[in-house]
1. Report yes if some residue within the range 98-112 is assigned to a loop (DSSP other than H, G, I, E, B), closer than 30 Å to Glu183 by Cα and modelled with pLDDT under 80; otherwise report no.
2. Which members of the range 405-450 meet the condition of being among the hydroxyl-bearing types (Ser, Thr, Tyr), on the phi < 0 side of the Ramachandran plot and assigned to a strand (DSSP E or B)?
3. Tell me which strands (runs of 3 or more DSSP E) are completely within the range 336-381 and hold 1 or more residues being more than 42 Å from the chain's Cα centre (by Cα) and at pLDDT below 85, or say none if there are none.
4. Inside the range 382-395, can you point out the residues that are in contact with a Gly (Cβ under 8 Å, 6 or more places away or on another chain) and assigned to a strand (DSSP E or B)?
5. Which one is modelled with the lowest pLDDT, of the residues in the range 75-90 that are among the polar types (S, T, N, Q) and in contact with an Asp or Glu (Cβ under 9 Å, 6 or more places away or on another chain)?
6. Pull up the range 113-129, narrow it to residues that are assigned to a loop (DSSP other than H, G, I, E, B) and of a type in the set (S, T, N, Q), then point me to the one that is modelled with the highest pLDDT.
7. How many residues does the range 393-448 contain that are closer than 13 Å to Thr475 by Cβ and aromatic (Phe, Trp, Tyr)?
8. Going through the range 286-309 one residue at a time, which ones are hydrophobic (A, V, I, L, M, F, W, C) and modelled with pLDDT of 65 or more?
Amino acid sequence: MANIRVKDLPNTSAPAADTDEFIIDSSSAGTRRLNYGELKTAISGDFQAGTSTYKVATLGSDNKLDPAQIPDTLSQGLNFVGVANSAGDLTSTTQGDFYVIQTAFGVYSVGDQAVYDGSAYVRVTDGTKQITEGGTGATTLPDAKGNLQIPDVGSSPDEVSLNGMLGSMAFQSAEGISVGTVEITDKIDLSGAPTQQLEVYGDAPTLRVTDTSDGVGDGDSIGKLEFYGNDGSSGGVGVRTKIDTVSETAAGNQYGVAISTSSANAAPVERLRVDGLGNVGIASTPVHSANRTTLVIDGVWGGRIDNKFGGAASSSWYTSTSGPTIFGTQNAQPLDLQTNSITRWTINTTGNLVASSGVGIDFGSTPDGSGATGVAEIFDDYETGTVTVGVTCGSGSITLNSSFQYLYYTKIGRTVNFFGELVVSSVSSPSGTIHLTGLPFTSLNQSGGRQAMSIYTRGLASDLGSVVGFVEPNTTTLYLRESGTTGVGNSIANAFQANTEIMFGGSYTAA
(Lines give C-alpha, C1' and ligand atoms only; values in the text may rest on other atoms or scores of the structure.)
Protein backbone atom coordinates (compact mmCIF):
# COMPACT_ATOMS: atom_id res chain seq x y z
CA MET A 1 0.00 0.00 0.00
CA ALA A 2 1.23 3.47 -0.82
CA ASN A 3 2.26 5.83 1.87
CA ILE A 4 -0.58 7.94 3.24
CA ARG A 5 0.28 11.35 4.50
CA VAL A 6 -1.96 13.11 6.91
CA LYS A 7 -1.33 16.84 6.76
CA ASP A 8 -2.46 19.96 8.52
CA LEU A 9 -3.75 18.24 11.70
CA PRO A 10 -4.70 20.77 14.38
CA ASN A 11 -2.07 21.29 17.03
CA THR A 12 -4.36 20.69 20.02
CA SER A 13 -4.99 18.07 22.74
CA ALA A 14 -8.77 18.28 22.31
CA PRO A 15 -10.38 15.32 20.51
CA ALA A 16 -11.66 15.84 17.03
CA ALA A 17 -15.33 16.69 16.59
CA ASP A 18 -17.62 14.69 14.34
CA THR A 19 -17.67 17.64 11.92
CA ASP A 20 -13.89 17.87 11.71
CA GLU A 21 -12.34 16.67 8.45
CA PHE A 22 -9.13 14.78 7.66
CA ILE A 23 -7.24 15.48 4.41
CA ILE A 24 -5.40 12.39 3.21
CA ASP A 25 -2.85 13.17 0.48
CA SER A 26 -1.64 10.29 -1.61
CA SER A 27 1.03 10.72 -4.32
CA SER A 28 -0.75 8.19 -6.54
CA ALA A 29 -4.42 8.37 -5.54
CA GLY A 30 -4.63 12.02 -5.07
CA THR A 31 -6.16 13.79 -2.14
CA ARG A 32 -9.14 12.53 -0.05
CA ARG A 33 -11.30 14.40 2.39
CA LEU A 34 -12.79 12.32 5.32
CA ASN A 35 -15.31 13.49 7.89
CA TYR A 36 -14.36 12.32 11.44
CA GLY A 37 -17.87 10.93 12.19
CA GLU A 38 -17.84 8.94 8.94
CA LEU A 39 -14.46 7.52 9.90
CA LYS A 40 -15.81 6.24 13.26
CA THR A 41 -18.79 4.59 11.56
CA ALA A 42 -16.58 2.85 9.05
CA ILE A 43 -14.21 1.59 11.71
CA SER A 44 -17.14 0.39 13.91
CA GLY A 45 -18.63 -1.56 11.01
CA ASP A 46 -15.35 -3.33 10.35
CA PHE A 47 -15.04 -4.34 14.03
CA GLN A 48 -18.60 -5.69 14.18
CA ALA A 49 -18.10 -7.71 11.06
CA GLY A 50 -14.76 -9.19 12.19
CA THR A 51 -14.90 -9.69 15.97
CA SER A 52 -12.79 -12.84 15.77
CA THR A 53 -10.19 -10.90 13.81
CA TYR A 54 -10.14 -7.69 15.80
CA LYS A 55 -11.11 -9.27 19.21
CA VAL A 56 -13.68 -6.55 19.84
CA ALA A 57 -17.32 -7.06 21.00
CA THR A 58 -19.87 -4.29 20.78
CA LEU A 59 -22.91 -3.45 22.88
CA GLY A 60 -26.34 -3.99 21.47
CA SER A 61 -29.36 -1.69 21.71
CA ASP A 62 -29.94 -3.07 25.24
CA ASN A 63 -26.46 -1.96 26.25
CA LYS A 64 -25.42 -5.60 26.77
CA LEU A 65 -22.76 -7.58 25.01
CA ASP A 66 -24.03 -9.64 22.13
CA PRO A 67 -23.44 -13.32 23.14
CA ALA A 68 -22.73 -14.11 19.49
CA GLN A 69 -19.65 -11.87 19.67
CA ILE A 70 -18.22 -13.61 22.76
CA PRO A 71 -15.86 -16.53 21.96
CA ASP A 72 -16.44 -19.91 23.61
CA THR A 73 -13.15 -19.56 25.46
CA LEU A 74 -14.71 -16.65 27.35
CA SER A 75 -18.32 -17.88 27.67
CA GLN A 76 -17.22 -21.39 28.82
CA GLY A 77 -19.21 -22.95 25.99
CA LEU A 78 -22.57 -21.36 26.89
CA ASN A 79 -24.55 -19.47 24.30
CA PHE A 80 -27.80 -17.68 25.11
CA VAL A 81 -30.41 -18.45 22.49
CA GLY A 82 -33.50 -16.82 23.97
CA VAL A 83 -36.41 -17.33 26.33
CA ALA A 84 -38.67 -20.38 26.46
CA ASN A 85 -42.33 -20.69 27.45
CA SER A 86 -42.83 -24.35 26.52
CA ALA A 87 -40.87 -27.45 25.56
CA GLY A 88 -41.47 -26.57 21.92
CA ASP A 89 -39.28 -23.45 22.31
CA LEU A 90 -36.20 -25.61 23.06
CA THR A 91 -35.17 -26.12 19.43
CA SER A 92 -31.41 -25.60 19.37
CA THR A 93 -29.25 -28.75 19.12
CA THR A 94 -25.92 -27.01 19.57
CA GLN A 95 -23.99 -27.91 22.72
CA GLY A 96 -23.80 -24.96 25.10
CA ASP A 97 -26.91 -23.21 23.79
CA PHE A 98 -29.28 -22.29 26.59
CA TYR A 99 -32.68 -20.74 27.11
CA VAL A 100 -34.00 -18.78 30.09
CA ILE A 101 -37.40 -20.07 31.21
CA GLN A 102 -40.01 -17.32 31.09
CA THR A 103 -43.14 -19.43 31.75
CA ALA A 104 -43.01 -22.55 33.97
CA PHE A 105 -43.55 -25.90 32.27
CA GLY A 106 -42.53 -29.52 32.91
CA VAL A 107 -39.68 -29.63 35.43
CA TYR A 108 -38.73 -26.00 34.77
CA SER A 109 -39.60 -23.02 36.94
CA VAL A 110 -39.48 -19.37 36.00
CA GLY A 111 -35.85 -18.21 35.99
CA ASP A 112 -34.38 -21.67 35.38
CA GLN A 113 -32.07 -22.28 32.45
CA ALA A 114 -32.34 -25.15 29.95
CA VAL A 115 -28.86 -26.00 28.62
CA TYR A 116 -28.22 -28.43 25.73
CA ASP A 117 -25.38 -30.79 26.74
CA GLY A 118 -24.97 -32.36 23.33
CA SER A 119 -27.68 -35.00 23.70
CA ALA A 120 -30.46 -33.50 25.82
CA TYR A 121 -31.52 -30.38 27.69
CA VAL A 122 -30.42 -30.12 31.32
CA ARG A 123 -32.19 -28.01 33.91
CA VAL A 124 -29.89 -25.52 35.65
CA THR A 125 -31.05 -23.68 38.76
CA ASP A 126 -29.43 -21.58 41.44
CA GLY A 127 -28.92 -24.75 43.48
CA THR A 128 -27.46 -26.93 40.69
CA LYS A 129 -24.12 -28.31 41.87
CA GLN A 130 -22.54 -29.01 38.50
CA ILE A 131 -21.26 -25.87 36.82
CA THR A 132 -20.29 -26.09 33.16
CA GLU A 133 -16.63 -25.37 32.57
CA GLY A 134 -15.38 -25.44 28.99
CA GLY A 135 -17.98 -28.08 28.13
CA THR A 136 -16.52 -30.62 30.63
CA GLY A 137 -18.29 -29.52 33.83
CA ALA A 138 -16.96 -28.43 37.24
CA THR A 139 -17.94 -30.68 40.15
CA THR A 140 -15.81 -29.18 42.94
CA LEU A 141 -16.01 -25.86 44.75
CA PRO A 142 -12.47 -24.76 43.78
CA ASP A 143 -13.27 -25.39 40.06
CA ALA A 144 -16.54 -23.52 40.38
CA LYS A 145 -14.81 -20.55 42.03
CA GLY A 146 -12.83 -20.16 38.83
CA ASN A 147 -16.06 -19.38 36.99
CA LEU A 148 -18.12 -17.82 39.77
CA GLN A 149 -16.95 -15.37 42.38
CA ILE A 150 -17.59 -17.52 45.48
CA PRO A 151 -15.82 -16.21 48.59
CA ASP A 152 -14.55 -18.47 51.40
CA VAL A 153 -17.11 -18.22 54.23
CA GLY A 154 -15.27 -20.26 56.86
CA SER A 155 -12.05 -19.92 58.80
CA SER A 156 -10.15 -21.54 55.93
CA PRO A 157 -10.77 -22.18 52.19
CA ASP A 158 -13.72 -24.42 51.32
CA GLU A 159 -14.88 -24.57 54.97
CA VAL A 160 -18.29 -23.45 56.26
CA SER A 161 -18.17 -21.72 59.63
CA LEU A 162 -20.40 -22.99 62.45
CA ASN A 163 -21.02 -19.52 63.80
CA GLY A 164 -24.12 -17.51 63.05
CA MET A 165 -27.53 -18.46 61.75
CA LEU A 166 -28.37 -21.34 59.43
CA GLY A 167 -32.10 -21.45 58.76
CA SER A 168 -34.00 -21.78 62.07
CA MET A 169 -31.02 -23.40 63.80
CA ALA A 170 -28.48 -21.26 65.66
CA PHE A 171 -24.97 -22.80 65.57
CA GLN A 172 -23.10 -21.56 68.64
CA SER A 173 -20.05 -23.76 68.63
CA ALA A 174 -18.87 -27.21 67.67
CA GLU A 175 -19.89 -28.45 71.15
CA GLY A 176 -23.42 -27.07 71.42
CA ILE A 177 -26.45 -26.35 69.26
CA SER A 178 -29.29 -24.11 70.43
CA VAL A 179 -32.57 -24.97 68.73
CA GLY A 180 -36.25 -24.43 69.24
CA THR A 181 -38.05 -27.62 68.24
CA VAL A 182 -36.29 -30.42 66.39
CA GLU A 183 -38.53 -32.98 64.69
CA ILE A 184 -36.97 -36.42 64.27
CA THR A 185 -38.96 -38.63 61.92
CA ASP A 186 -36.60 -41.59 61.83
CA LYS A 187 -33.68 -41.97 64.25
CA ILE A 188 -30.52 -40.42 65.63
CA ASP A 189 -27.45 -42.45 64.67
CA LEU A 190 -24.60 -42.07 67.18
CA SER A 191 -22.42 -44.80 65.71
CA GLY A 192 -19.92 -42.23 64.41
CA ALA A 193 -19.83 -40.11 67.57
CA PRO A 194 -16.53 -40.19 69.52
CA THR A 195 -18.21 -41.10 72.83
CA GLN A 196 -21.35 -42.71 71.35
CA GLN A 197 -23.71 -41.00 73.75
CA LEU A 198 -26.51 -38.46 73.70
CA GLU A 199 -26.32 -35.97 76.55
CA VAL A 200 -28.96 -33.51 77.72
CA TYR A 201 -27.52 -31.04 80.16
CA GLY A 202 -28.06 -27.53 81.47
CA ASP A 203 -29.97 -25.86 84.28
CA ALA A 204 -32.75 -28.37 85.02
CA PRO A 205 -33.00 -29.73 81.44
CA THR A 206 -35.93 -31.84 80.32
CA LEU A 207 -35.95 -34.60 77.73
CA ARG A 208 -39.61 -35.07 76.85
CA VAL A 209 -41.19 -37.88 74.84
CA THR A 210 -44.78 -37.08 73.77
CA ASP A 211 -47.31 -39.61 72.51
CA THR A 212 -49.74 -37.92 70.11
CA SER A 213 -51.97 -40.94 69.57
CA ASP A 214 -55.64 -40.59 70.52
CA GLY A 215 -56.24 -43.95 72.21
CA VAL A 216 -54.97 -45.70 75.34
CA GLY A 217 -55.54 -49.11 76.85
CA ASP A 218 -54.02 -51.59 79.26
CA GLY A 219 -50.41 -52.13 78.28
CA ASP A 220 -50.52 -49.47 75.54
CA SER A 221 -47.11 -47.82 75.24
CA ILE A 222 -46.99 -44.03 75.31
CA GLY A 223 -43.23 -43.81 74.78
CA LYS A 224 -40.18 -45.93 75.45
CA LEU A 225 -36.40 -46.07 75.63
CA GLU A 226 -34.88 -49.13 73.99
CA PHE A 227 -31.28 -50.27 74.33
CA TYR A 228 -29.97 -52.39 71.49
CA GLY A 229 -26.94 -54.62 71.48
CA ASN A 230 -25.44 -57.50 69.53
CA ASP A 231 -27.14 -60.54 71.02
CA GLY A 232 -24.97 -63.04 69.17
CA SER A 233 -27.87 -64.41 67.15
CA SER A 234 -28.07 -64.61 63.38
CA GLY A 235 -30.03 -61.37 63.41
CA GLY A 236 -27.15 -59.51 65.01
CA VAL A 237 -28.30 -56.39 66.85
CA GLY A 238 -31.54 -56.67 68.84
CA VAL A 239 -33.39 -55.08 71.74
CA ARG A 240 -31.71 -56.06 75.01
CA THR A 241 -33.33 -53.74 77.58
CA LYS A 242 -36.17 -51.23 77.45
CA ILE A 243 -37.93 -48.76 79.71
CA ASP A 244 -41.55 -48.44 78.62
CA THR A 245 -44.24 -46.03 79.82
CA VAL A 246 -47.67 -47.66 79.75
CA SER A 247 -51.27 -46.60 80.29
CA GLU A 248 -53.62 -48.72 82.39
CA THR A 249 -57.30 -48.01 81.87
CA ALA A 250 -58.34 -50.86 84.19
CA ALA A 251 -56.80 -48.94 87.07
CA GLY A 252 -58.52 -45.66 86.25
CA ASN A 253 -56.35 -44.31 83.43
CA GLN A 254 -53.13 -44.54 85.39
CA TYR A 255 -49.78 -44.13 83.72
CA GLY A 256 -46.90 -46.26 84.90
CA VAL A 257 -43.45 -47.38 83.86
CA ALA A 258 -42.25 -50.89 83.02
CA ILE A 259 -38.64 -52.10 82.84
CA SER A 260 -37.88 -55.12 80.66
CA THR A 261 -34.62 -57.04 80.41
CA SER A 262 -33.52 -60.01 78.36
CA SER A 263 -31.34 -63.04 78.74
CA ALA A 264 -28.94 -64.03 75.97
CA ASN A 265 -30.50 -64.17 72.49
CA ALA A 266 -34.02 -63.61 73.86
CA ALA A 267 -36.60 -60.87 73.57
CA PRO A 268 -36.95 -58.56 76.61
CA VAL A 269 -39.45 -59.63 79.27
CA GLU A 270 -41.08 -57.22 81.72
CA ARG A 271 -39.39 -57.59 85.12
CA LEU A 272 -40.53 -54.52 87.08
CA ARG A 273 -43.56 -52.23 86.90
CA VAL A 274 -44.54 -49.21 88.96
CA ASP A 275 -48.14 -48.17 88.32
CA GLY A 276 -49.68 -44.73 88.68
CA LEU A 277 -50.61 -45.31 92.36
CA GLY A 278 -47.10 -46.31 93.34
CA ASN A 279 -47.76 -50.05 93.43
CA VAL A 280 -44.64 -52.05 92.56
CA GLY A 281 -44.69 -55.39 90.81
CA ILE A 282 -41.62 -57.58 90.35
CA ALA A 283 -42.13 -60.13 87.57
CA SER A 284 -45.85 -59.44 87.92
CA THR A 285 -48.35 -56.66 87.22
CA PRO A 286 -49.23 -55.01 90.57
CA VAL A 287 -52.68 -55.49 92.07
CA HIS A 288 -54.66 -52.34 91.31
CA SER A 289 -56.14 -50.59 94.33
CA ALA A 290 -57.10 -47.00 94.99
CA ASN A 291 -56.49 -47.30 98.75
CA ARG A 292 -53.25 -49.18 99.20
CA THR A 293 -49.74 -49.47 97.88
CA THR A 294 -48.47 -52.99 97.35
CA LEU A 295 -45.27 -54.76 96.45
CA VAL A 296 -45.95 -57.92 94.45
CA ILE A 297 -43.11 -60.38 93.93
CA ASP A 298 -43.89 -63.28 91.64
CA GLY A 299 -41.73 -66.11 90.40
CA VAL A 300 -41.49 -69.86 89.94
CA TRP A 301 -40.34 -70.29 93.55
CA GLY A 302 -42.19 -67.30 94.96
CA GLY A 303 -40.54 -64.02 95.90
CA ARG A 304 -37.61 -63.13 98.10
CA ILE A 305 -36.44 -59.94 99.79
CA ASP A 306 -32.85 -59.80 101.02
CA ASN A 307 -31.59 -57.07 103.32
CA LYS A 308 -27.86 -56.99 102.70
CA PHE A 309 -25.16 -55.57 104.91
CA GLY A 310 -21.49 -55.81 104.00
CA GLY A 311 -22.31 -57.69 100.79
CA ALA A 312 -24.09 -60.59 102.53
CA ALA A 313 -27.79 -61.09 103.18
CA SER A 314 -28.29 -60.12 106.84
CA SER A 315 -32.01 -60.87 106.79
CA SER A 316 -34.40 -62.30 104.24
CA TRP A 317 -38.03 -62.99 103.59
CA TYR A 318 -39.09 -65.43 100.95
CA THR A 319 -41.72 -67.95 100.00
CA SER A 320 -41.31 -71.42 98.57
CA THR A 321 -43.40 -74.49 97.98
CA SER A 322 -43.22 -75.20 101.74
CA GLY A 323 -44.51 -71.75 102.71
CA PRO A 324 -43.13 -68.35 103.77
CA THR A 325 -39.83 -68.13 105.59
CA ILE A 326 -38.19 -65.29 107.53
CA PHE A 327 -34.65 -65.46 108.83
CA GLY A 328 -32.61 -62.87 110.64
CA THR A 329 -28.96 -62.03 110.65
CA GLN A 330 -26.34 -64.65 109.96
CA ASN A 331 -23.86 -63.10 112.40
CA ALA A 332 -25.17 -64.26 115.83
CA GLN A 333 -27.51 -61.28 116.24
CA PRO A 334 -31.10 -61.41 117.48
CA LEU A 335 -34.10 -60.65 115.29
CA ASP A 336 -36.24 -57.84 116.70
CA LEU A 337 -39.89 -57.24 115.87
CA GLN A 338 -40.92 -53.63 116.44
CA THR A 339 -44.04 -51.51 116.46
CA ASN A 340 -44.00 -47.74 116.79
CA SER A 341 -40.17 -47.94 116.68
CA ILE A 342 -40.13 -49.98 119.92
CA THR A 343 -38.95 -53.59 120.15
CA ARG A 344 -41.86 -55.74 121.31
CA TRP A 345 -40.57 -59.25 120.65
CA THR A 346 -37.10 -60.66 120.09
CA ILE A 347 -36.02 -63.98 118.69
CA ASN A 348 -32.68 -64.41 120.39
CA THR A 349 -29.66 -66.20 118.98
CA THR A 350 -30.75 -69.52 120.49
CA GLY A 351 -34.16 -69.27 118.83
CA ASN A 352 -36.23 -68.32 121.88
CA LEU A 353 -39.06 -65.81 121.54
CA VAL A 354 -38.59 -63.13 124.19
CA ALA A 355 -41.28 -60.58 125.01
CA SER A 356 -40.37 -57.09 126.14
CA SER A 357 -41.60 -55.79 129.48
CA GLY A 358 -45.38 -55.43 129.50
CA VAL A 359 -45.75 -57.30 126.20
CA GLY A 360 -47.52 -60.64 125.95
CA ILE A 361 -50.19 -62.70 124.25
CA ASP A 362 -53.62 -61.06 124.48
CA PHE A 363 -56.33 -63.74 124.69
CA GLY A 364 -59.04 -61.11 124.83
CA SER A 365 -62.35 -61.44 126.70
CA THR A 366 -64.85 -63.95 125.30
CA PRO A 367 -67.98 -64.57 127.44
CA ASP A 368 -68.92 -68.24 127.50
CA GLY A 369 -72.67 -67.68 127.93
CA SER A 370 -72.73 -68.71 131.59
CA GLY A 371 -73.33 -65.19 132.79
CA ALA A 372 -69.78 -64.71 133.99
CA THR A 373 -68.02 -61.53 132.89
CA GLY A 374 -64.78 -62.15 131.05
CA VAL A 375 -61.78 -59.89 131.57
CA ALA A 376 -59.18 -59.38 128.85
CA GLU A 377 -55.89 -60.89 129.95
CA ILE A 378 -52.35 -60.69 128.66
CA PHE A 379 -50.17 -63.78 128.92
CA ASP A 380 -46.85 -62.04 129.28
CA ASP A 381 -44.75 -64.18 131.64
CA TYR A 382 -43.31 -67.64 132.05
CA GLU A 383 -40.61 -68.04 134.64
CA THR A 384 -38.95 -70.71 136.80
CA GLY A 385 -36.59 -70.21 139.72
CA THR A 386 -35.54 -70.85 143.32
CA VAL A 387 -35.79 -68.59 146.38
CA THR A 388 -34.64 -68.92 149.98
CA VAL A 389 -37.54 -69.08 152.48
CA GLY A 390 -37.32 -67.85 156.07
CA VAL A 391 -39.47 -68.54 159.18
CA THR A 392 -40.69 -66.14 161.89
CA CYS A 393 -42.76 -66.56 165.03
CA GLY A 394 -44.55 -64.32 167.54
CA SER A 395 -41.65 -64.41 170.01
CA GLY A 396 -38.43 -66.29 170.46
CA SER A 397 -36.65 -67.63 167.43
CA ILE A 398 -36.43 -70.60 165.12
CA THR A 399 -33.17 -71.30 163.23
CA LEU A 400 -33.31 -73.29 159.99
CA ASN A 401 -30.80 -75.71 158.47
CA SER A 402 -29.41 -73.81 155.44
CA SER A 403 -29.24 -77.08 153.47
CA PHE A 404 -33.06 -77.35 153.64
CA GLN A 405 -34.29 -73.82 153.22
CA TYR A 406 -35.50 -73.63 149.64
CA LEU A 407 -38.57 -73.05 147.49
CA TYR A 408 -38.83 -73.98 143.78
CA TYR A 409 -41.42 -72.15 141.67
CA THR A 410 -42.83 -71.95 138.16
CA LYS A 411 -44.81 -68.84 137.19
CA ILE A 412 -47.15 -69.13 134.19
CA GLY A 413 -48.81 -65.82 133.58
CA ARG A 414 -50.12 -64.86 137.04
CA THR A 415 -50.26 -68.40 138.45
CA VAL A 416 -47.35 -69.35 140.73
CA ASN A 417 -46.80 -73.06 141.36
CA PHE A 418 -44.30 -73.93 144.11
CA PHE A 419 -42.93 -76.55 146.50
CA GLY A 420 -40.27 -76.46 149.23
CA GLU A 421 -38.77 -78.02 152.34
CA LEU A 422 -37.57 -76.60 155.71
CA VAL A 423 -35.64 -78.36 158.54
CA VAL A 424 -35.23 -76.72 161.96
CA SER A 425 -31.71 -76.83 163.37
CA SER A 426 -32.41 -75.11 166.72
CA VAL A 427 -35.05 -73.07 168.59
CA SER A 428 -35.09 -70.49 171.41
CA SER A 429 -38.45 -70.38 173.23
CA PRO A 430 -40.58 -69.91 170.11
CA SER A 431 -44.24 -68.98 170.55
CA GLY A 432 -47.05 -67.39 168.59
CA THR A 433 -47.98 -67.77 164.94
CA ILE A 434 -45.58 -69.31 162.41
CA HIS A 435 -44.93 -67.39 159.16
CA LEU A 436 -42.96 -68.70 156.20
CA THR A 437 -41.52 -65.65 154.43
CA GLY A 438 -39.95 -64.92 151.02
CA LEU A 439 -42.50 -66.16 148.48
CA PRO A 440 -41.26 -65.12 145.02
CA PHE A 441 -44.25 -62.90 144.08
CA THR A 442 -46.78 -60.78 145.93
CA SER A 443 -50.21 -62.41 146.05
CA LEU A 444 -53.35 -60.98 144.47
CA ASN A 445 -54.83 -58.17 146.54
CA GLN A 446 -58.35 -59.56 146.78
CA SER A 447 -60.48 -59.04 149.90
CA GLY A 448 -61.23 -62.42 151.51
CA GLY A 449 -58.99 -64.06 148.95
CA ARG A 450 -56.85 -66.35 151.11
CA GLN A 451 -55.26 -69.08 149.01
CA ALA A 452 -54.79 -72.45 150.78
CA MET A 453 -51.64 -74.56 150.54
CA SER A 454 -50.77 -78.23 151.34
CA ILE A 455 -48.53 -78.66 154.41
CA TYR A 456 -46.80 -81.75 155.80
CA THR A 457 -44.95 -81.59 159.15
CA ARG A 458 -42.87 -84.13 161.04
CA GLY A 459 -41.09 -84.00 164.41
CA LEU A 460 -43.24 -81.46 166.27
CA ALA A 461 -42.82 -81.43 170.07
CA SER A 462 -46.55 -81.59 170.86
CA ASP A 463 -49.25 -83.77 169.40
CA LEU A 464 -51.02 -81.41 167.03
CA GLY A 465 -53.61 -82.17 164.46
CA SER A 466 -52.91 -81.59 160.78
CA VAL A 467 -51.26 -78.28 159.93
CA VAL A 468 -52.64 -76.18 157.11
CA GLY A 469 -51.28 -73.10 155.36
CA PHE A 470 -52.58 -70.20 153.29
CA VAL A 471 -51.35 -67.04 151.66
CA GLU A 472 -52.92 -63.80 152.76
CA PRO A 473 -53.83 -61.24 150.04
CA ASN A 474 -51.16 -58.75 148.95
CA THR A 475 -48.28 -60.51 150.79
CA THR A 476 -45.31 -62.77 150.19
CA THR A 477 -45.99 -64.72 153.40
CA LEU A 478 -47.32 -68.27 153.98
CA TYR A 479 -49.20 -68.64 157.28
CA LEU A 480 -49.26 -72.01 159.24
CA ARG A 481 -51.98 -73.06 161.67
CA GLU A 482 -53.51 -76.19 163.14
CA SER A 483 -56.47 -77.34 161.12
CA GLY A 484 -59.90 -76.90 162.72
CA THR A 485 -58.67 -75.10 165.84
CA THR A 486 -58.67 -71.60 167.14
CA GLY A 487 -56.85 -69.89 169.91
CA VAL A 488 -53.78 -71.86 170.88
CA GLY A 489 -54.19 -73.82 167.70
CA ASN A 490 -53.19 -70.70 165.79
CA SER A 491 -50.02 -70.42 167.82
CA ILE A 492 -48.06 -73.54 167.04
CA ALA A 493 -44.55 -72.08 167.27
CA ASN A 494 -43.99 -73.66 170.69
CA ALA A 495 -44.36 -77.10 169.08
CA PHE A 496 -41.26 -76.55 166.91
CA GLN A 497 -38.00 -78.06 168.03
CA ALA A 498 -34.69 -79.18 166.55
CA ASN A 499 -35.10 -81.46 163.51
CA THR A 500 -38.72 -80.50 162.98
CA GLU A 501 -39.37 -80.84 159.22
CA ILE A 502 -41.92 -78.92 157.13
CA MET A 503 -42.72 -79.83 153.49
CA PHE A 504 -45.15 -77.60 151.64
CA GLY A 505 -46.50 -77.02 148.16
CA GLY A 506 -49.33 -75.40 146.24
CA SER A 507 -50.12 -72.51 143.97
CA TYR A 508 -51.45 -68.96 144.24
CA THR A 509 -52.34 -66.07 141.96
CA ALA A 510 -49.88 -63.24 141.86
CA ALA A 511 -50.94 -59.63 141.79
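The values are calculated or read from the model by the stated rules, or taken from the named source; none is laboratory data. Computed from a predicted structure; not experimentally measured. Glycine gets a Cβ as well: all are built from the backbone with ideal geometry, and neighbour counts include every protein chain shown.
1. no
2. At the first step, the residues of the range 405-450 found to be among the hydroxyl-bearing types (Ser, Thr, Tyr) are 406, 408-410, 415, 425-426, 428-429, 431, 433, 437, 442-443, 447.
Retained after the next criterion (residues that are on the phi < 0 side of the Ramachandran plot): 406, 408-410, 415, 425-426, 428, 431, 433, 437, 442-443, 447.
Hits for the range 405-450 are Tyr406, Tyr408, Tyr409, Thr410, Thr415, Ser425, Ser426, Ser428, Ser431, Thr437, Ser443.
3. Ranges flagged: 361-364, 377-379.
4. Of everything in the range 382-395, those that are in contact with a Gly (Cβ under 8 Å, 6 or more places away or on another chain) and assigned to a strand (DSSP E or B) turn out to be Tyr382, Val387, Thr388, Gly390, Ser395.
5. Residue satisfying both the conditions and the ranking: Gln76.
6. Ser119
7. Final tally of qualifying residues: 1.
8. Within the range 286-309, Leu295, Val296, Ile297, Ile305, Phe309 qualify.
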